[in-house]
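These notes are about the structure you will find just below.
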Amino acid sequence: MRIESLNFLRSLINTPSPPGHEARGQRVWLDYVEEYADETFTDAYGNAVAVLNKGGSPRVMLAGHADEIAMAVNYIDPHGFIYVRKLGGVDPAITKAQRVTIHARNGPVTGVVGNVAPHLMKEEPNKKPPKIHDLFIDIGVKDKKDAHKLVNIGDPITLNDEFELLRNDLAIARAFDNRIGTFAVAEALRLLRAANGRRRAEVLAVSNIMEEVGLLGARQIAYSLKPDVAVVVDVTHATDYPSVSKPQHGEVAIGKGPTLTHGGCNHPGVVARLEQVAREKKIKLQHEAMSASSGTDTDVIFWTRGGIPSALISLPNRYMHSPVEVVNLKDLEQIPELLAAFAISLKRGEQFKVKI
């Protein structure tokens with residue numbers, strides 16, 4: 001991967017962006033895309049947009065979500081221990097005994113999620129995993145009054161794990177879901193800027209907010225932008241490690257390229273065009289099927305304003321919603337190439353409609 005792109009990815013990953021508190025991460029994204037865009041802007045809640053070839057046709061939206069799973073301060077007990085609630089799909093069992101940062105109004109506060117030593121625990125048959133309200137954070141204060149000097153109810157909390165290279169093109173991080181999406185659309189914009197003369201479409205690169213708590217930002221920005229076609233980038237579950245059922249969850253491996261999802265919100269014409277472009281660019285795709293929903297922003301973009309033809313491209317990700325998500329960087333590099341080639345393939349005024 002290009003060193004400037006790798007540094008951008010690292011910065012995106014390491015900048016905390018809890019749902020509803022994405023501003024710091026959005027600043028990192030905007031600072032990078034400004035070089036490749038004709039204009040950039042944000043909306044009332046912090047969705048960020050970079051526009052290239054304004055006035056072109058059709059209008060294509062390339063979108064990823066900026067937020068990561070997190071927690072929030074919910075209650076402080078008399079001894080100053082902090083209890084939390086979820087912001088997205090946090091797994092309490094793997095959150096115990098982790099170092100965290102509370103993003104308080106007067107600056108970051110370090111803490112640890114408490115974990116009772118095994119010597120002090122009773123042997124319990126069929127012990128149930130902890131619930132989110134069982135977790136408590138120790139910030140090293142003596143009582144509730146001292147805790148309130150540092151933190152307030154509602155302050156967001158993130159784990160402290162950061163980006164690290166593993167080996168064989170693999171990388172580890174806590175928030176590949178879904179900074180890889182915002183990275184990919186930014187890199188696609190960079191490639192498209194260099195393709196001057198071959199662009200007919202207006203390209204709207206979007207880093208949208210609050211996906212992890214209800215696909216909220218995508219609803220806002222898709223309605224505002226009125227794109228003619230949209231491609232969403234997110235992560236998907238790799239199933240190439242022990243104990244995961246392929247008959248149940250499909251066959252998806254890291255290192256074998258991004259995935260393309262079929263069915264439901266994925267418009268067959270857009271999917272077919274992405275497959276065609278991938279063949280021409282010699283980009284290997286893996287394939288996934290969906291039933292009622294994809295669990296991504298595609299689910300809400302496709303029905304906005306009477307229907308926006310949409311498709312979902314995903315990066316295989318091991319151990320999703322954990323501090324040790326693992327992805328293949330070569331898989332990731334292929335997504336901006338596919339997005340850029342898709343945008344270049346669009347003819348002026350082209351529309352995607354199901355043939356009846």
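The values are calculated or read from the model by the stated rules, or taken from the named source; none is laboratory data. Quick caveat, the model's predicted, so the values are computed rather than measured. Glycine also receives a Cβ, built like all others from the backbone with ideal geometry; neighbour counts cover every protein chain displayed. Side chains are part of the model used for accessible areas, which takes the heavy atoms of the whole protein and leaves out ligands, DNA and RNA. Shrake-Rupley method; radii C 1.70, N 1.55, O 1.52, S 1.80 Å.
Filter region 274-296 down to residues that are open to solvent by less than 30 Å² (accessible area, probe 1.4 Å) and not in a loop (DSSP other than H, G, I, E, B) and give me whichever is farthest from Gln351 (Cα to Cα).
So, considering only residues that are open to solvent by less than 30 Å² (accessible area, probe 1.4 Å) and not in a loop (DSSP other than H, G, I, E, B), the one farthest from Gln351 (Cα to Cα) is Gln286.
Does region 163-179 hold any residues that are open to solvent by less than 70 Å² (accessible area, probe 1.4 Å) and over 22 Å from Gly20 (Cβ atoms), and which are they?
Looking only at region 163-179, we keep the residues that are open to solvent by less than 70 Å² (accessible area, probe 1.4 Å), and these are 163, 170-179.
Result: Phe163, Leu170, Ala171, Ile172.
Which one of the conditions (1) open to solvent by 10 Å² or more (accessible area, probe 1.4 Å); (2) closer than 30 Å to Asp146 by Cβ does Pro18 fail to meet, given that it meets all the rest?
All conditions are met except number (1).
Residue under question is Glu202, and the condition is that it be of a type in the set (Asp, Glu) and within 17 Å of the chain's Cα centre (by Cα); does it hold?
Values: of a type in the set (Asp, Glu): yes; within 17 Å of the chain's Cα centre (by Cα): no.
No.
What tally of residues in region 23-32 results from selecting those that are closer than 20 Å to Gly154 by Cα and open to solvent by less than 10 Å² (accessible area, probe 1.4 Å)?
Qualifying residue count for the region: 1.
Condition (residue is assigned to a helix (DSSP H, G or I), modelled with pLDDT of 95 or more and small (Gly, Ala, Ser)) applied to region 22-44: is it met by at least one residue? Steps first, please.
Of all residues in region 22-44, those assigned to a helix (DSSP H, G or I) come to 23-33.
Those still in the list that are modelled with pLDDT of 95 or more too: 23-33.
Add one more test, that the residue is small (Gly, Ala, Ser), and what stays is 23, 25.
Within region 22-44, one or more residues are assigned to a helix (DSSP H, G or I), modelled with pLDDT of 95 or more and small (Gly, Ala, Ser).
Kindly establish whether Asp169 is in contact with a Phe, Trp or Tyr (Cβ under 8 Å, 6 or more places away or on another chain) and of a type in the set (Asp, Glu).
Numbers: in contact with a Phe, Trp or Tyr (Cβ under 8 Å, 6 or more places away or on another chain): no; of a type in the set (Asp, Glu): yes.
When the stated conditions are applied, Asp169 does not pass them.
Is one or more of the residues making up region 91-101 in a strand (DSSP E or B), in contact with a strand residue (DSSP E or B) (Cβ under 6 Å, 6 or more places away or on another chain) and farther than 23 Å from Met210 by Cα? Even if it seems obvious, please write down each step before you answer.
Taking region 91-101 and keeping what is in a strand (DSSP E or B), we get 99-101.
Add one more test, that the residue is in contact with a strand residue (DSSP E or B) (Cβ under 6 Å, 6 or more places away or on another chain), and what stays is 99-101.
In the following step, the residues that additionally are farther than 23 Å from Met210 by Cα were identified as 99.
Scanning region 91-101 turns up at least one residue that is in a strand (DSSP E or B), in contact with a strand residue (DSSP E or B) (Cβ under 6 Å, 6 or more places away or on another chain) and farther than 23 Å from Met210 by Cα.
Can you tell me which residue is modelled with the lowest pLDDT among those in region 221-253 that are in contact with an Asp or Glu (Cβ under 7 Å, 6 or more places away or on another chain) and assigned to a loop (DSSP other than H, G, I, E, B)?
The selected residue is Gly250.
Can you tell me how many residues within region 135-162 are open to solvent by less than 80 Å² (accessible area, probe 1.4 Å), acidic (Asp, Glu), within 29 Å of Ile13 (Cα to Cα) and not in a strand (DSSP E or B)?
Adding up the residues that qualify gives 2.
Please go through region 297-316 and give me each residue that is open to solvent by 20 Å² or more (accessible area, probe 1.4 Å) and not in a loop (DSSP other than H, G, I, E, B), ordered by number.
If the condition is that a residue be open to solvent by 20 Å² or more (accessible area, probe 1.4 Å) and not in a loop (DSSP other than H, G, I, E, B), then Asp299, Arg305, Gly306 are the ones that fit.
Which condition does Glu211 not pass, out of (1) open to solvent by 10 Å² or more (accessible area, probe 1.4 Å); (2) part of a helix (DSSP H, G or I); (3) in contact with a Gly (Cβ under 9 Å, 6 or more places away or on another chain), if it passes all the others?
In the conditions (1) open to solvent by 10 Å² or more (accessible area, probe 1.4 Å); (2) part of a helix (DSSP H, G or I); (3) in contact with a Gly (Cβ under 9 Å, 6 or more places away or on another chain), Glu211 misses (2) alone.
Identify all residues within region 214-246 that are surrounded by fewer than 24 Cβ atoms within 10 Å (Cβ to Cβ), small (Gly, Ala, Ser) and more than 19 Å from Val185 (Cα to Cα); write none if there are none.
Within region 214-246, Gly214, Ser243, Ser245 qualify.
Scan Phe342, Phe352 and give me the residue that is aromatic (Phe, Trp, Tyr), farther than 17 Å from Ala184 by Cα and crowded, with 17+ Cβ neighbours inside 10 Å. Outline the logic, then answer.
Details: Phe342 fails: farther than 17 Å from Ala184 by Cα.
Residue meeting the stated conditions: Phe352.
Inspect region 54-61 for any residue being open to solvent by 50 Å² or more (accessible area, probe 1.4 Å), more than 14 Å from Gly181 (Cβ to Cβ) and touching a Lys or Arg at 6+ places or on another chain (Cβ under 6 Å) and give the result as yes or no. First the steps, then the outcome.
Let us first name the residues in region 54-61 that are open to solvent by 50 Å² or more (accessible area, probe 1.4 Å), namely 54-55, 59.
The next check asks that each one be more than 14 Å from Gly181 (Cβ to Cβ); those that pass are 54-55, 59.
Now drop any that are not touching a Lys or Arg at 6+ places or on another chain (Cβ under 6 Å), which leaves none.
No.
Looking at region 107-115, is at least one residue more than 20 Å from Arg174 (Cβ to Cβ), of a type outside the set (Val, Ile, Thr) and modelled with pLDDT of 95 or more?
Applying the first criterion (more than 20 Å from Arg174 (Cβ to Cβ)) to region 107-115 yields 107.
Next, from what is left, pick out any that are of a type outside the set (Val, Ile, Thr): 107.
If we keep only those that are modelled with pLDDT of 95 or more too, we end up with 107.
Checked against the condition, which is being more than 20 Å from Arg174 (Cβ to Cβ), of a type outside the set (Val, Ile, Thr) and modelled with pLDDT of 95 or more, region 107-115 yields at least one hit.
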